[in-house]
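**Q** Following this message is one structure expressed as structure tokens.
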Amino acid sequence: MNGPKLPLLTNRADTLKYEDGVVRILDRRRLPEETVFVDCRDYREVARAIVDMVIQGAPPLAYAAGYGLALACRQSRDLPAPERRRALEQAHRELRATRPTGADIFPLLDRALALALAALEEGRDPEAAVREFVDGQIRAGDRAARLCGSHAAGLLEDGDRILTHCFAGAALNYMLYFALKAGKRIELIATETRPYLQGARLTAAQAREIGVPVTLVTDNMPGYLFYRGMITKYVTAADSISLDGHVSNKIGTFQYAVLAHHFGVPFMVLGYDGPDRERATAADIPIEERDPEEVFYCRGVRTAAEGIRGYYPAFDITPPQYVSVIATDRGLFSPWNVRDYFRAPEPEE
């Protein structure tokens, strides 16, 4: 019998590349039927790819935005220094405005712009400075995902049936992988995650590739599954975690957290590299509201009646009283003391 293996979306460097003035982004909208990359040769093309959900997940889209700024450095290389500075600042603003809820994009772009401007002042290549910085961020992010997944795997028990919502990010993949490596028999229940069907297309395929038995359910079924005792753990990632322990994730996360709390099922959050320093409370987490037309369609096919209104908040916020534990690269934290992450020692490996 073959052992577990890590699937494509686990290693960000396999799904996002910057080569010779081209940002190559794996198009998650086309998975699992096709493995197709979108090539961006202009920073505005990168911004559009982020908005259009070619790339998803707070860390990956932040890395893509960083490479977008590297493209802007290349695009502006023939401009006089003052104009080039203004062009980079404009690109920074546009890339920063793509998706507001995931917090990773903001410090990454701010740091990338500072490095680009410093290189410009010192007569060095801004494009190279930004590219090397983002390369390093991807390596650090992959390390954080691996450690976070390892800590979370330690919380899983033999026989667990795990509900998850939204797509299989790197930390979830590592959690499942390490649990199987430890000999734990686990199963995954994935919600389909309307309207982009990340759960149906991405989570289900990734879990199957790892070797975990996976069951797909529609987004309105988990209440009954909790009632039947079919779920023993609830696990999601987080696009943003405030310092007071509020967790923002894909819309629908909150309602399942309330159900888990009601039925005494632990809700584990994969917090990667900890909470967001600049977001003290839930009020500091902006919730992206996408084009309401998107809820009328499923993979390009209209499923709704004509002449109605739609509403599409892309994320929600779960209060800390519904969160059992937040797993990070530095260990496990209660949502009530997650700010202690910044005082915890850096992991050695």
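Each reported figure results from applying straightforward, stated rules to the coordinates on display, with no laboratory input. Computed from a predicted model, the values in this text were never measured in an experiment. Because the Cβ atoms are built from the backbone with ideal geometry, glycine has one as well, and the counts that use them run over all protein chains shown.
**Q** Could you give the angle, 0 to 90 degrees to the nearest 10, between helix 126-153's Cα long axis and the longest principal axis of the Cα atoms of the chain?
**A** 10 degrees
**Q** What size of dipole, in debye to the nearest 20, comes out for the stretch 216-349 about its Cα centre when the only charges are +1 on Lys and Arg C-beta atoms and -1 on Asp and Glu C-beta atoms?
**A** Using Cβ point charges on Lys, Arg, Asp and Glu, the stretch 216-349 gives about 560 debye.
**Q** If you don't mind, there's one more thing I want to ask. How high is the relative contact order of the stretch 1-103, in percent, counting Cα pairs under 8 Å that sit 6 or more residues apart?
**A** Rounded, it is 24 percent for the stretch 1-103.
**Q** To the nearest 20 debye, what charge dipole does the stretch 8-143 have about its Cα centre, counting +1 at the Cβ of each Lys and Arg and -1 at the Cβ of each Asp and Glu?
**A** Using only the charged Cβ atoms, the result is roughly 280 debye.
**Q** Please sort 259-267, 165-173 by packing, taking for each peptide the average over its residues of neighbouring beta carbons within 10 angstrom, highest first.
**A** Top of the packing list down: 165-173, 259-267.
**Q** Tell me which lysines have Cα within less than 20 Å of Lys5's Cα, excluding those fewer than 8 residues away on the same chain?
**A** Lys5 reaches Lys181, Lys184.
**Q** Say the dipole of the chain comes from +1 at the beta carbon of Lys and Arg and -1 at that of Asp and Glu; which of Thr328, Val258, Ile287 then lies farthest toward its positive end?
**A** Selected residue: Val258.
**Q** Between Val22 and Asp78, what length comes free when the chain is fully extended (0.36 nm per residue of separation minus the Cα-Cα distance, one decimal in nm)?
**A** Length gained, Val22 through Asp78: 18.4 nm.
**Q** Considering only C-alpha atoms, what is the centroid distance from the stretch 213-262 to the stretch 147-168, in Å?
**A** Computed from Cα coordinates, the inter-centre distance equals 12 Å.
**Q** For Arg124 paired with Arg30, estimate the spin-label separation in nm (one decimal), with each label point 7 Å from Cα along the Cα-to-Cβ line.
**A** 3.6 nm
**Q** Relative to the longest principal Cα axis of the chain, at what angle does helix 253-262 sit, 0 to 90 degrees, rounded to 10?
**A** 30 degrees
**Q** Another question, then. Run through the DSSP bridge list for the chain and note the antiparallel percent, rounded to the nearest 5.
**A** If we restrict to bridges inside the chain, about 55 percent are antiparallel.
**Q** Note down the magnitude of the dipole of the chain about its Cα centre, charges +1 on Lys and Arg C-beta and -1 on Asp and Glu C-beta and zero elsewhere, to the nearest 20 debye.
**A** Here the size comes out at about 540 debye.
**Q** Using +1 at the Cβ of each Lys and Arg and -1 at the Cβ of each Asp and Glu in the chain, identify which of Leu109, Pro213, Phe167 lies farthest towards the dipole's positive end.
**A** Pro213
**Q** Where a Cα-Cα gap under 23 Å defines reach, which lysines qualify for Lys250, not counting those fewer than 8 residues away within the same chain?
**A** Cα-Cα hits under 23 Å: Lys233.
**Q** Ok, one more. Over the chain, what is the relative contact order in percent, taking alpha-carbon pairs closer than 8 angstrom and at least six residues apart?
**A** 16 percent
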